[in-house]
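Have a look at the structure below, then the notes.
What follows draws every value from the coordinates through simple rules; no lab data is involved. These numbers come from a predicted model, not from an experiment. Note that each Cβ is placed from the backbone with ideal geometry, even for glycine, and that neighbours are counted across all protein chains shown.
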Amino acid sequence: MTETIRFLMCAPDHYDVDYVINPWMDGNVHKSSRARAVEQWNKLYHILKDNAIVDLVGPQKGWPDMVFTANAGLVLGNNVVISRFYHKERQGEEPYFKEWFAQQGFNVYELPKDLPFEGAGDALLDREGRWLWAGYGFRSELYSHSYLAKWLDIEVLSLRLTDERFYHLDTCFCPLTGGYLLYYPPAFDGYSNRLIEMRVPEEKRIPIEEPDAVNFACNAVNINSIVVMNKVSDYLKVRLADVGFQVIETPLTEFLKAGGAAKCLTLRVTEPVLEDVHANEPVETRTIRLEGHLLDAGIMNRALDLVEEEGGSFKVLNFNLGIEKQSISVADVRIFAPSHQVMEDIMTQLIDLGAIAPPQEICDVNTQVVTQAGVAPDDFYVSTIYPTEVRVNCEWVLVENQRMDGAIVVGETPSGMKAECKILRDLQVGDRVMVGVDGIRTARKMDSREGKKNEEFSFMGSGVSSERRVELLVEQIAWEMRHIRDQGGKVVVTAGPVVIHTGGAAHLSHLIREGYVQALLGGNAIAVHDMEQAIMGTSLGMDMQRGIPVHGGHRHHLKVINTIRRCGSIANAVEQGVLTRGVMYECIKNHVPFALAGSIRDDGPLPDTQMDLIKAQAEYAQLIKGADLILMLSTMLHAIGVGNMTPAGVKLVCVDINPAVVTKLSDRGSIESVGIVTDVGLFLSLLIQQLDKLTSRYQVA
Ligand code: ARG
């Protein structure tokens, strides 16, 4: 590259920190010295003049940040895309920069109003001219990248900035001659880092550490083998020298107070166009429709927030606000994402919120055929707990066996089209599995005002309770369990051994006896400890009456296991009169089915324990079917396992002394789940009291 290199600068006649629009300016308003700023700027100016031509644009009173000409626009060949500043504090600079470019004979491109893009501060050409790196996340809008690609006819690679100290791409990213890249990886999200690593081979990447990053080492001006920057560690200087770069340090501390350094103070206006590079479509877009109580139920906020959190962006094309309290609002929203992967992540979450692709509805979801048993196609849609419908033969078909983390299999049966959730291992060669996110919708109860208000089981959201609320919640649960029993419904209990240790065995036995429990799920341990208590009076060697360890008691549980093994099964032990009370006894006596899932730590195990986990999962799934309420009592593993198999709409009550377990369950985001952080023995005793109260009340009536 022998053509002359030109830069544009703007003298700091009116420079100051007048306002705060980035974290560096915070605390620095009017704290910079004009004299020192002028001196530092002059030094930089002369260094550049020794190596290139420097043009000047006239400084303007009232626009103190105009010194940062990197933000004037983005130049490629004879074209310039003029900046649209995000903050009104800088928007007044736009006409001056535009005028300068026009006078120099550039083709000037202007973005639509309200589509921020901050020029070469957020868009850096690969120094070999192969593509353009473009930043977004703080100042420039992702969608502006589409215009850059189109107008400048170059491939644009979007990078998402995530650390507000590095709000412009040029504060943490600096392409160098020869395909090298100086950058600060933590300033970018995971996808962006992956993209960088895909494009720049490891031997060309020069990642820097935080101390250099905060000295704006990446905010460097590169002219062939020279790199001009504010300040740099010896380590980095050597690292750069090793690959042939000579560092020139020049202090720019006064400008750091405004959040800029060497690169920000310059704009390279000679950027040659390479012959065979061409535009891509850097931004994926899709339009979705949201319908419901978008404002009242907070759906609109959640939808737009999640788009941004995932690294996308949006434009609300149309918002039809329902006028009456009961009327429905409709919004069409255009979603932008920097890659297909990000778009899919956003779309799946929007679908969970109830979004669908608007009117030109497709007739069939996309599917791919399973070619290896137990393995889904890469792009398969991962199911959620929410009732889901998919488009098949131009109709919405309800997905059967709804559960989390499955694949949706679509197929024809003699009675018509059918869709169902299948877990990976059940997929068979030839199954048609839904891929992508087109033609799917979920129905969420919480989206209706009705559902929100009249929910009889009005647990407050999926919050975790405090002790104060426990009693109130137990009252509601008791009422609900009573109601389910009267209606012939189904309550499933999944319980851990802590239930027995905390003295809950008698209460749980009582619940089973009184017909409040229709199935019991647990592991080997709960059954062992329950029967140890029933047969020997201890639980894991503790005397349950006196609360003290019994001499040699730790052997008791093995004795019990051995006894039951001799009987052949728990049912046999009851029949033979060996087991005469307790939770397992009541299950047998009252014909309440149970499933015991084994684990690595199980002693014995009991003859009833299913040590084949795949079979155990199937037994659980079978017993959960048709449940109205699931009571999860102090068991993290079994509770989470059960949670995954259970569709939304089933009320979940998770009781644990450990808030982490409870939170994990409530994270399903289902309104019907409630977490109660308390001692499980205490909970059960309260529950029995409440149920008994209800019974006497009924009897009086
Ligand atoms: N105070 C200016 C702003 O916040 C600093 C701009 C620095 N320029 C840059 N290309 N990083 O906009």
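For Arg513 and Leu424, a Förster radius of 45 Å and the Cβ-Cβ distance give a FRET efficiency of 0.65, rounded to the nearest 0.05. Once the convex hull of all Cα atoms in the stretch 103-243 is built, its volume per residue stands at 121 Å³. Using the Cα gyration tensor of the stretch 241-306, with a ≥ b ≥ c the square roots of its eigenvalues, what is the shape: rounded (a/c below 1.5), prolate (a/b larger than b/c) or oblate (neither)? The shape class here is oblate. Normalised by 2.2 N^0.38 Å, where N is the number of residues, the alpha-carbon radius of gyration of the stretch 475-606 equals 1.06. Please report, to two decimal places, log10 I(q)/I(0) for the chain at q = 0.05 Å⁻¹ as given by the Debye formula with identical point scatterers on the Cα atoms and no solvent. Evaluating at q = 0.05 Å⁻¹ gives log10 I(q)/I(0) of -0.38. In the chain, the DSSP-assigned H stretches of four residues or longer account for a calculated mean residue ellipticity at 222 nm of -9000 deg cm²/dmol, using -39500 (n - 2.57) per stretch and the full residue count as denominator. Counting beta carbons within 10 Å around each of Asp378, Asp692, Asp438 and listing the fewest first gives the order Asp378, Asp692, Asp438. Stretched out straight at 0.36 nm per residue, the stretch from Glu309 to Cys363 would grow longer than its current Cα-Cα span by 16.3 nm. The packing ranking, built from the mean of other Cβ atoms within 10 Å per residue, places the peptides 266-274, 369-377, 543-551 in the order 266-274, 369-377, 543-551, highest first.
By other beta-carbon atoms within 10 Å, ranking Cys394, Cys421 with the fewest at the front produces Cys394, Cys421.
Can you run the Rg to Rh ratio on the stretch 32-151? Use alpha carbon positions and the Kirkwood inverse-distance Rh.
0.97
Which percent of the Cα-Cα distances in the stretch 558-701 go past 21 Å? Value for the stretch 558-701 (Cα pairs over 21 Å): 57 percent. To the nearest ten degrees, helix 556-567 and the longest principal axis of the Cα atoms of the chain are 60 degrees apart.
Using C-alpha positions alone, give me the convex hull volume of the stretch 286-384 per residue in cubic angstrom. Provide the component values of the computation, followed by the final result.
Working: hull volume 11.6 nm³, N = 99.
Measuring per residue, one finds 117 Å³ for the Cα hull of the stretch 286-384.
Sequence-ordered 3J(HN,Hα) estimates for the stretch 86-92 from the Karplus curve with 6.51, -1.76 and 1.60 and θ = phi - 60° stand at 6, 9, 4, 4, 10, 4, x Hz, glycine and proline given as x. The alpha carbon gyration tensor of the stretch 110-162 gives principal lengths a ≥ b ≥ c with a/c of 1.5 or higher and a/b no greater than b/c, which makes the shape oblate. Note on Val330/Asp486: beta-carbon distance plugged into 1/(1 + (r/R0)^6) with R0 of 41 Å gives a FRET efficiency of 0.50. Scoring 603-610, 153-160 by mean Cβ neighbours within 10 Å over their residues and listing the highest first yields 153-160, 603-610. Cα convex hull, the stretch 321-366: 113 Å³ per residue, rounded to a whole number. The spacing between the stretch 226-267 and the stretch 334-413, judged by their C-alpha centroids, is 50 Å. Counting neighbouring beta carbons within 10 Å and listing from fewest to most, the residues Tyr109, Tyr136, Tyr620 come out as Tyr109, Tyr620, Tyr136. FRET efficiency for the pair His46 and Asp234, taken as 1/(1 + (r/R0)^6) with r the Cβ-Cβ distance and R0 = 25 Å, rounds to 0.50. Directionally averaged projected area (the stretch 595-636, Cα convex hull): 3.6 nm². Here the label points at His278 and Val550, each 7 Å from Cα along the C-beta direction, are separated by 8.4 nm in the simple model. Label-to-label distance, His30 versus Glu475, with points set 7 angstrom from Cα along the beta-carbon direction: 6.0 nm. Amide H contacts for Leu8 (H built 1.01 Å from N in the peptide plane; partners 5 or more residues away or on another chain; cut-off under 5 Å): Asp55, Leu267, Arg268, Val269. Within the straight-line cut-off of under 21 Å between alpha carbons, the lysines reachable from Lys325 are Lys445, Lys452, Lys453, sequence neighbours fewer than 8 places apart in one chain being disregarded. For the pair Glu89 and Leu295 in one chain, pulling the backbone fully straight at 0.36 nm per residue adds 71.0 nm over the alpha carbon distance.
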